[in-house]
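> Pasting in a structure now, in structure tokens, and then I'll have a few things to ask.
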There are 2 protein chains.
Amino acid sequence: MRPFEVRPIRIEREVKPGDDVAELILDAGYEPHPDDVLAIAHTIVSKAEGAIVDLSEVEPSPFAETLAERLGKDPKVVEVVLREAETVVRVGPHFILTEVRGGMVCANSGVDESNAPPGHVIVLPEDPDASARRIRCRIREETGVDVGVIITDTQGRPFREGVIGVAIGASGVPTLVDRRGDRDLYGRELEITVVATGDLLAAAAELAMGQADEGTPAAVIRGVRRALIDKGGPDTAAALVRDPGEDIFR
Amino acid sequence: MRPFEVRPIRIEREVKPGDDVAELILDAGYEPHPDDVLAIAHTIVSKAEGAIVDLSEVEPSPFAETLAERLGKDPKVVEVVLREAETVVRVGPHFILTEVRGGMVCANSGVDESNAPPGHVIVLPEDPDASARRIRCRIREETGVDVGVIITDTQGRPFREGVIGVAIGASGVPTLVDRRGDRDLYGRELEITVVATGDLLAAAAELAMGQADEGTPAAVIRGVRRALIDKGGPDTAAALVRDPGEDIFR
């Protein structure tokens, strides 16, 4: 692999429903290059798509009330978490682990109280792979340059402390790269065969995005896209979600 | 955050027990800078430390034989996996999920058949945080420059496909950064408070390290170390391991 660079993209103004995320990023001075992967925090994609819930319009169910008391959370927020969930996988001490549309497992269905306008919560984009495709397409329309796009979320995980960046939407860059057939130093086939490049890109971008209040909800990773495309692989984040039937943790 | 750069470090020759990893990396042309985090794949650290097992000297127990048959694995390799484990957390379809020294949970106790000399397997370094401290110290001795060091492994995880890079050893760079007290765009305290910066660095490095047979078992991440040190946090990978008592997945 060659060296690569990661640069934060600063978006000064608040993102509102109806905003064009590609335009906001280009207006922020981003100059696309074919070897780029543009990483965008889902919060601004959700906001632009209107994936925001006004809590004053939410009526919590008795189940949400019970769960909220147990978790010490706002019953209205818990109600939104349950509405966004396909299945409740497990109830933790301070969160509800759920499976959302598309099968992704995450805490609280990805419902985000931070960075939402007061009295609101941010939910995940309806179809983050489609959001990534749309943003990629808009950048190509505006500039003539094709780039990869990933939509990121910040998530906790079993066994390890702290949150990391993961890809929840993608277009134009392989999210899984299969090393099958590659050989080790001694010419044997590699044991570890599939690398989650989409999540590696999201993690690298997370390092550059920094704090929420710094207004850097996007970053560009320049220098790996072409090498990843050469190796091939699916260009959706849906491919990163393990099939529940093959998951010993569900 | 500022932009940063990730560069692979190529080590042409095979690493052998007794080798000085810091020297190998400096000989490869690496010029240290105080804003660097040096990421090193544990395989070369293990090899240099002699953390290699000769399978001809391993006598599998009856339990290892039974498990090996069920998993379709070499009974001698399974025996090494069990010897390296503190606890067996779960037995998956093709792997044994274990807890190793220090409490880290990983597949097959981190025992690696790839990149090991024929008839051998590579195990995890005895104390990867201590390995990172030693390598950091040697680089400072040789060059006068203090850098951060992380030792990385490539691991699978629940719920998601593909493997990612994680930090299993660290020195001189915060592995967890607490955002508590930071505020969002609307001035509210952030919900997500602790970021696993050690694992983000490992993931970014993994993108640059590429394939095993390319001989790039190390990478340098230049441009984030000082900003992370300013934020503070523990500089060990042990801090990334969730306390089993607080882990709903164990």
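Rule-based calculations on the coordinates, nothing more; no lab input. These numbers were taken from a predicted model, which means no experiment stands behind them. Glycine gets a Cβ as well: all are built from the backbone with ideal geometry, and neighbour counts include every protein chain shown.
> About the Cα centre of the stretch B:1-154, what is the dipole size in debye to 20, counting +1 per Lys and Arg Cβ and -1 per Asp and Glu Cβ, all else neutral?
Working: 17 positive and 30 negative charges, 75 e Å.
Using only the charged Cβ atoms, the result is roughly 360 debye.
> Then there's this: Among A:Pro62, A:Pro158, A:Pro125, which one shows the highest mean-square fluctuation when chain A is modelled as a Gaussian network with alpha-carbon springs under 10 Å?
Highest fluctuation among the options: A:Pro158.
> Now, a different point. Mind sorting A:Leu176, A:Leu124 by how few other Cβ atoms lie within 10 Å of their own Cβ, fewest first? Provide the component values of the computation, followed by the final result.
On the way: A:Leu176 24, A:Leu124 27.
In order of increasing Cβ crowding within 10 Å: A:Leu176, A:Leu124.
> Cut-off 10 angstrom, C-alpha nodes, Gaussian network model of chain A. Which of A:Gly110, A:Gly169, A:Gly144 fluctuates the most?
A:Gly144
> If you fit an axis through the alpha-carbon atoms of helix B:128-143 and take the longest principal axis of the Cα set of chain B, what angle between them do you get, 0 to 90°, nearest 10?
Approximately 50 degrees, to the nearest ten.
> Between helix B:62-71 and chain B, what is the angle of the helix's C-alpha long axis to the longest principal axis, kept within 0 to 90° and rounded to the nearest 10?
70 degrees
> Distance cut-off 29 Å, Cα to Cα: go down the list A:Lys47/A:Lys76; A:Lys16/A:Lys231; A:Lys47/A:Lys231; B:Lys47/B:Lys73; B:Lys16/B:Lys73; A:Lys231/B:Lys16 and report the pairs above it. Walk me through the numbers on the way to the answer.
Working: A:Lys47/A:Lys76 19 Å; A:Lys16/A:Lys231 38 Å; A:Lys47/A:Lys231 34 Å; B:Lys47/B:Lys73 23 Å; B:Lys16/B:Lys73 26 Å; A:Lys231/B:Lys16 31 Å.
Table pairs above 29 Å Cα-Cα are A:Lys16/A:Lys231; A:Lys47/A:Lys231; A:Lys231/B:Lys16.
> Placing +1 on the Cβ of each Lys and Arg and -1 on the Cβ of each Asp and Glu in the stretch A:52-124, which of A:Leu55, A:Gly72, A:Val105 has its Cα farthest towards the positive end of the resulting dipole?
With unit charges placed on the Cβ atoms, the residue in question is A:Val105.
> Here's something else I'd like to know. Subtract the Cα-Cα distance of B:Glu65 and B:Lys16 from 0.36 nm times their separation in residues, and report this length gain in nm to one decimal. Write out the running numbers ahead of the final one.
Working: separation 49, 0.36 × 49 = 17.64 nm, distance 3.04 nm.
Once the chain is fully extended between B:Glu65 and B:Lys16, it gains 14.6 nm.
> Rounded to the nearest 20 Debye, what is the dipole magnitude of the stretch B:103-184 about its Cα centre when Lys and Arg each give +1 and Asp and Glu each give -1 at the C-beta?
On the way: 10 positive and 13 negative charges, 49 e Å.
Computed about the Cα centre, the dipole is about 240 debye.
> Could you please rank B:Asp127, A:Asp35, B:Asp199, B:Asp243, placing first whichever residue has the fewest other Cβ atoms within 10 Å of its Cβ?
On the way: B:Asp127 15, A:Asp35 18, B:Asp199 30, B:Asp243 9.
Exposure proxy ranking, most exposed first: B:Asp243, B:Asp127, A:Asp35, B:Asp199.
> Suppose you put the label 7 Å out from Cα in the Cβ direction; list, shortest first and in nm with one decimal, how far A:Arg2 is from each other copy's label.
2.5
> For chain B, what does the helix formula give at 222 nm: sum of -39500 (n - 2.57) over DSSP H segments with n ≥ 4, over the residue count, nearest 500 deg cm²/dmol?
Working: 7 runs with 71 residues, N = 250.
Roughly -8500 deg cm²/dmol at 222 nm, from the helical runs in chain B.
> Label position 7 Å from Cα toward Cβ: report the copy-to-copy distances for A:Arg140 in nm, one decimal, ordered from shortest.
Here the equivalent label points are 5.1 nm apart from this one.
> Taking chain B as a Gaussian network, Cα atoms linked when under 10 Å apart, which of B:Glu57, B:Glu79, B:Glu23 shows the biggest mean-square fluctuation?
Maximum fluctuation in the GNM of chain B, among the listed residues, is at B:Glu57.
> Report the charge-dipole magnitude of the stretch B:52-124 in Debye, nearest 20, computed about the Cα centre from +1 at each Lys and Arg Cβ and -1 at each Asp and Glu Cβ. If you can, show how the numbers build up before the last one.
Details: 6 positive and 12 negative charges, 53 e Å.
That gives the stretch B:52-124 a dipole magnitude of about 260 debye.
> Next question. May I ask you to report, in nm to one decimal and beginning with the shortest, the distances from B:Pro93 to the same position in the other copies, taking label points 7 Å along Cα-to-Cβ?
Nearest to farthest, the other copies are at 3.4 nm.
> Next question, about the same structure. Could you tally the net charge around A:Lys231, taking each other residue with its Cβ under 9 Å from the Cβ of A:Lys231, Lys/Arg +1 and Asp/Glu -1?
Surrounding charge for A:Lys231 is -1.
> Once both labels are modelled 7 Å past Cα along the beta-carbon direction, what's the A:Glu23-A:His94 spacing in nm?
4.0 nm
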